[in-house]
Amino acid sequence: MSHLALIHFLCSDDVRLVDGGSRCAGRVEVLQEGQWGTVCGSRWDIDDAAVVCRQMLCGVAVAAPQYGHFGEGTGRILMGGVACGGSESTLKNCAQDEQIIIHCSHVLDAGVICADVRLVQGPHQCSGRVEVQQGVTWGTVCDADFDLHDAEVVCQQLDCGIAVEVLGGAAFGKGDSSQVWREEIQLLTAPPPPILFTGYTDSRLLGGPDSCSGTVELQYLSEWGTVCDAFWDMRAASVLCRQLQCGSALAVPGQAWFGEGRGHIWADVFECQGNETHLSQCAVSSWSRAACSHGRDAGLLCDALNGTVRLSGESDCEGHLEVYYQLAWSRVLMDSWSFKEASVVCRQLGCGSAVKLYSSSLSGTPGNDVCLTGYQCSGNESHLVNCSDPHRLNCSSSPQAFIVCSSEYIISIRLVGDAGGCAGRLEVLHQGSWGTVCGDSWDLKDAQVVCRQLQCGTALSDPVPTFFGPGTGPIWLDEVDCEGNETSLWDCPSAPWGQNDCLHKEDVGVRGREPVAREPCAAL
């Protein structure tokens, strides 16, 4: 054994893979202070898995399963919010966010599947020259004794389906002649390279506790279908959460965690970077590399509140700035804050423009001593999440942002889905995010208050079915119970903000015309 190999073996002593059937597959466990514990799978991806495989001398990462794929561990969760670049030598060299551990459980335990064989210099990841790792050295394989049966083993190990053809004669180029384990052999399989595919027309999450979590379903033409969990990762999940206006992705549970879907199963592999705004912007390889059933339907958990802002003060449009980021409310430091960023916050809250910007030396939010810094906005953004991402610091005694906006809520209620100002799906503004109203208990008296608040005349006596379509994002209000004589929807009793058991298909709508025409509204 070389000295280099010895060093790598010693470094791998503080990480192991368990319950996966081999030392190179299983649930990730790390050793800290003499105790083994698990790693939270929230934000876990293939780059993180690649570091574990390298540290374990297990070759390359094939998959980074989450949500207890290899069973739930026991004991403490020792790492969370792991963010590797993919080139680190050990998992402990990767950045992590320990705050994630607080909100994690063993159902999110991260896993890794490694392979000590790889295909290189091919047009895609499932074709190329075969190389096998021994110790820390990669070498090629002689084609003299290698046949299609051997190729099938390689394809299975790399999760690349069925072997189609074996090519010799260094068809994909010669490897290092000093490292030939068994003349060069090549393996070629059928899948095409990724293409940009824009066929999916709609998306939704079903079976979850709210509209921002559930089984992933995509619509192609008129047909809805689920997505196989073998082809779904955090990058694609982040894009879909953004597309649905549901904040950031928290986890991608597989194995039909939210229940089995019906109909078609889309076997497309989405190859997203993670910063796209729509799945149609991601490259797609339309080739199945694994058998799928509805028992492997992919799920998604989004953090719908991520990026929500509020001002803690005498009114909703004045006070200390607090931002909901990574599952917690945090204050914002003044070090990089300016009127550009303050203008975005006031706009997001519907509070006009920023008038004053103060610094305050108060501590962090109650129960949280972590503050945010690093926001950079152009000043034209409609939402703080469209600015650069912040990072977290201890508040200590650093000055924090206090904002005064020009007015209280200028726009807090609207109708969406029609060109006129008095027709559409009812949406309300709360904590800087627009959301819908559930139709439970909704009646003519509630519609009358909306019409009055929007100066849209009188509500019709005959309700008609909703036809403005379902909304996205949070469902803010439910069980609204107006008397009918209130001047604003906010004067009516209702369930607490965000608490409901509704789906977006129950979203309330209102129809009418501008007040000049003196035509009534309709409760939909």
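The values are calculated or read from the model by the stated rules, or taken from the named source; none is laboratory data. Note that the structure is predicted; figures quoted are calculated from it, not measured. Counting neighbours? That spans all protein chains shown, and the Cβs are built from the backbone with ideal geometry, glycine included. Surface accessibility is based on the protein's heavy atoms, side chains included, excluding ligands, DNA and RNA. Shrake-Rupley method; radii C 1.70, N 1.55, O 1.52, S 1.80 Å.
Checking 517, 459, 495, 523 one by one, the residue that is modelled with pLDDT under 75 and surrounded by fewer than 22 Cβ atoms within 10 Å (Cβ to Cβ) is 517 and no other.
Could you list, in sequence order, all residues of the stretch 102-111 that are open to solvent by 40 Å² or more (accessible area, probe 1.4 Å) and either part of a helix (DSSP H, G or I) or assigned by the TED database to the domain that holds residue 248 (or both)?
102
Could you grab me the full set of residues in the stretch 296-354 that are acidic (Asp, Glu), in a strand (DSSP E or B) and open to solvent by less than 40 Å² (accessible area, probe 1.4 Å)? Selection gives 297, 303, 322.
Okay, residues lined up against (1) open to solvent by 40 Å² or more (accessible area, probe 1.4 Å); (2) out of contact with any His (no Cβ under 9 Å at 6 or more places or on another chain); (3) in a strand (DSSP E or B):
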position: 37; (1), (2), (3): no, yes, yes
position: 43; (1), (2), (3): yes, yes, no
position: 52; (1), (2), (3): no, yes, no
position: 61; (1), (2), (3): no, yes, yes
position: 78; (1), (2), (3): no, yes, yes
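Taking first residues from the stretch 266-287 that are at positive phi and partners that are charged (D, E, K, R) and at pLDDT 75 or above, the Cβ contacts under 7 Å between residues at least 6 apart in sequence or on separate chains come to 274/235. Taken together, the residues in the stretch 464-485 that are in a loop (DSSP other than H, G, I, E, B) and either at pLDDT 85 or above or buried (at least 17 other Cβ atoms within 10 Å of the Cβ) (or both) amount to 12.
In this entry, residue 386 is excluded by the filter for residues that are modelled with pLDDT under 80 and under 23 Å from residue 80 (Cβ atoms).
Of the residues making up the stretch 498-514, those that are open to solvent by 50 Å² or more (accessible area, probe 1.4 Å) and at pLDDT 80 or above number 5.
Identify the residue in the stretch 268-286 that is open to solvent by less than 20 Å² (accessible area, probe 1.4 Å) and small (Gly, Ala, Ser) and, among all such residues, is modelled with the highest pLDDT. Selected residue: 274. Residue pairs whose Cβ atoms lie under 6 Å apart, sitting 6 or more positions apart in sequence or on different chains, and linking a residue in the stretch 426-451 that is open to solvent by 30 Å² or more (accessible area, probe 1.4 Å) to a partner that is aromatic (Phe, Trp, Tyr), are 430/476; 430/497.
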